[in-house]
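Bear in mind these aren't lab numbers, they're just calculated from the coordinates by the rules spelled out. As the structure is a computational prediction, the values presented were derived from the model and not from experiment. Every residue, glycine as well, gets a Cβ built from its backbone with ideal geometry; the counts of neighbours run over all protein chains shown.
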Amino acid sequence: MNNYDIFQFICREDNYGVLIADNNTGLTASIDAPDASAIDNELKKRDLKLTHLFITHKHADHTDGIDFLKKKYGCTVIGPDKEKNDIPCLDVTVIDEEYIDFSGSPVRVIETPGHTLGHIVYFFERENILFAGDTIFLMGCGRVFEGTHDQMFESMKKIKSLPNDTSIYCGHEYSLQNAKFAISIEPDNKLIEARMKDIERKTLQNIDCLPTNLEIELKTNPFLRYDEMSVRKILEMEKVSDKIIFSEIRKRKDNF
Ligand code: ZN
Ligand code: FE
């Protein structure tokens, strides 16, 4: 298991830039490219050279910086095969359950359609680190722009099946809004309440709320809690399928 340094920093308004660096090999990857100069500054500050770019999906707030970073560092750009026509400078395209190597670590690619049809996440299987893009957020999930609620449900199910101690890095800092929504769904969930307080404090002090981990998400993220009887009771939908519960929660969030 490699001992990586991970650097996270806000880009644009509420996007996260994330670098993962192996001190021993000098390999450094950026997850997405929200903002070339913010990423470049972070690289300089840490005295790192970018060798890899892992792209999760085609949206501009994840791809705008690719061109500049590719030209400056000549890094290998990896991204979803299904969005290859919408993402510039791709060197390697990947599909569901394909593995790529980063500094000796097997990185599993998982397709998570919903937010966009070709969205992928990157799971460092040995280290249990997930780079989730806009699929899952702290107590939230991505807006379903291109896919169906059923597709997003299946994608969240895949994330739910990862090891409990998976660290999760996300594409955006939406924690405060998500916490308010989570409380509205489960007003009596003490863990959500405690998390909300922690998020309010961190937000005031300008501290990142991410990364999160799967264990706490399973207990507090409404989009992973479609199979909890307590949630079903609150929604007064005790006998419907998980999919329908998920879709109901997604609709409520859209109108929140
Ligand atoms: Zn997006
Ligand atoms: Fe985004």
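Each of PHE131, PHE7, PHE256 has some number of other Cβ atoms within 10 Å of its Cβ, and from fewest to most they run PHE256, PHE7, PHE131. Rounded to the nearest 20, the Cβ-based charge dipole of the stretch 1-76 about its Cα centre (Lys and Arg +1, Asp and Glu -1) stands at 300 debye. In summary, the aspartates and glutamates within cross-link reach of LYS160, defined as a Cα separation below 12 angstrom excluding same-chain residues under 8 places away, comprise GLU215, GLU217, ASP227. Ranked for footprinting exposure by Cβ neighbours inside 10 Å, fewest first, ARG12, ARG232, ARG225 give ARG12, ARG232, ARG225. Projected over every direction and averaged, the convex hull enclosing the alpha-carbon atoms of the chain yields 12.9 nm². Compared with the dominant principal axis of the Cα atoms in the chain, helix 36-45 is inclined by about 70°.
By the scheme Lys and Arg +1, Asp and Glu -1, what is the net charge of all other residues having a beta-carbon under 11 Å from that of LYS253? Net of charged neighbours comes to +3.
In the stretch 1-149, one over the average inverse separation of all distinct C-alpha pairs is 15.2 Å, which is the Kirkwood hydrodynamic radius.
Taking amide H as placed 1.01 Å from N in the peptide plane, HIS172 has its amide H under 5 Å from the amide H of TYR16, each at least 5 places away in sequence or on another chain. Lysines near LYS45 by alpha-carbon distance under 17 Å, same-chain residues fewer than 8 away left out - which ones? Those lysines meeting the cut-off are LYS72. Classified by the C-alpha gyration tensor, the stretch 68-123 has an oblate form. Its axis ratio a/c, with a ≥ b ≥ c, is 1.5 or above, and a/b does not exceed b/c.
Compared with the dominant Cα axis of the chain, that is its longest principal axis, helix 149-160 is turned about 70°. Between ALA36, ALA21, ALA194, the residue with the greatest mean-square fluctuation in the GNM of the chain (Cα pairs under 10 Å linked by springs) is ALA194.
With 18 Å as the limit, the listed pairs LYS84/LYS157; LYS157/LYS219; LYS180/LYS219 have LYS84/LYS157 beyond it between alpha carbons. Helix 242-254 axis versus longest C-alpha principal axis of the chain: approximately 80°, rounded to the nearest ten.
Going from the fewest other Cβ atoms within 10 Å to the most, the residues PHE102, PHE223 appear in the order PHE102, PHE223. Here's the picture: charge each Lys and Arg Cβ at +1 and each Asp and Glu Cβ at -1 in the chain, and of VAL107, ILE216, VAL94 the one pushed furthest to the positive end of that dipole is ILE216.
Within the shell of other residues whose beta carbon sits under 14 angstrom from the beta carbon of ILE66, the net charge comes to -4, with Lys and Arg scored +1 and Asp and Glu -1. Based on Cα contacts under 8 Å between residues 6+ apart, the chain shows a relative contact order of 13 percent. Each Lys and Arg Cβ is given +1 and each Asp and Glu Cβ -1; about its Cα centre, the stretch 4-169 then shows a dipole of about 260 debye. Which part of the stretch 159-197 falls in the paramagnetic zone of ASP242, meaning amide N under 12 Å from the point 7 Å along Cα-to-beta-carbon? Only 159-162 fall inside the zone, counting backbone N under 12 Å.
Count Lys and Arg as plus one, Asp and Glu as minus one, and take only other residues whose Cβ is under 15 Å from that of ASP40; the net charge is then +2.
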